[in-house]
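Here's the structure, in structure tokens; my notes come after.
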Amino acid sequence: MPYRSLLTNPRQFFRGQVGEPDRLFVLLILLAAGCVPLIAQLSLTSAIVLESDNSLTLSYVVGGETASVAVSAVGSSLASFASALVYWIVATIGAYLLTAPFSDSGDLRTTLWIVGWGFVPPLFSGVLWLLAMIVSIQATPTPTTVAASSEFIRAVQQTQLVRATHYLDYGATLWAGGLWTVGVRVVRDVSWWQAALAAVPGVAIQLAPYLLL
């Protein structure tokens, strides 16, 4: 089945996925979604000045230069990478439990793969955000002291280019909610309002980082 039908006819697309879910492609989507914040954080932290007493660093080659990041920053980046998996699980369990009182159709495993397709829109917006971050890092004066590093990070995140991508994130989240609504309706055989209710956990956890700022 051509993947473009996810955009043009999502209901038909999900019907095909219920019988034979493309697990590999869904896993690639989640892997790519996790790599977006991972690469962004490593790019950001590699541009700042590390604490002089921080002996645990990781160095790697970028082009013809060597960049160093604190091991603690790598741990934080890996946590961001894992967040995509957490979002997937929360969205799936939420969708399944909220439709459980209304339908016995579709098991949790099938729902898991169907829900995974809803992360395509956030992946698109995430890639654009990553590009905006990289451009902003290059355009912002690199800090020369540890004290200036915090201001550098704040300045990069507050550039007009990066802030503009936040609006894309909102649109992508609504788009994802629409895909989850259609997908859950197909796999769980529920009404539209029940499917829309089931999409709320996925939408909520996607918006949570912005609501907590």
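For region 1-42, the set of residues classified as among the β-branched types (Val, Ile, Thr) and either out of contact with any Ser or Thr (no Cβ under 9 Å at 6 or more places or on another chain) or under 19 Å from residue 87 (Cβ atoms) (or both) consists of 8, 26, 29, 36, 39, listed by residue number.
Applying the condition of being open to solvent by 30 Å² or more (accessible area, probe 1.4 Å) and in a loop (DSSP other than H, G, I, E, B) to region 1-22 and asking which residue is modelled with the lowest pLDDT yields 1.
Among all positions in region 172-190, there is no residue which is open to solvent by 10 Å² or more (accessible area, probe 1.4 Å), in a loop (DSSP other than H, G, I, E, B) and among the polar types (S, T, N, Q). Here the condition is being within 14 Å of residue 47 (Cβ to Cβ) and either open to solvent by less than 80 Å² (accessible area, probe 1.4 Å) or in a loop (DSSP other than H, G, I, E, B) (or both); of 144, 111, 165, it holds for 144 alone.
The values are calculated or read from the model by the stated rules, or taken from the named source; none is laboratory data. Since we're looking at a predicted model, the values are computed, not measured. Heads up, the Cβs are rebuilt from the backbone with ideal geometry, glycines too, and the neighbour counts pull from every protein chain shown. Ligands, DNA and RNA are stripped out before the accessible areas are found, and what is left, the full protein with its side chains, is counted by its heavy atoms. Shrake-Rupley method; radii C 1.70, N 1.55, O 1.52, S 1.80 Å.
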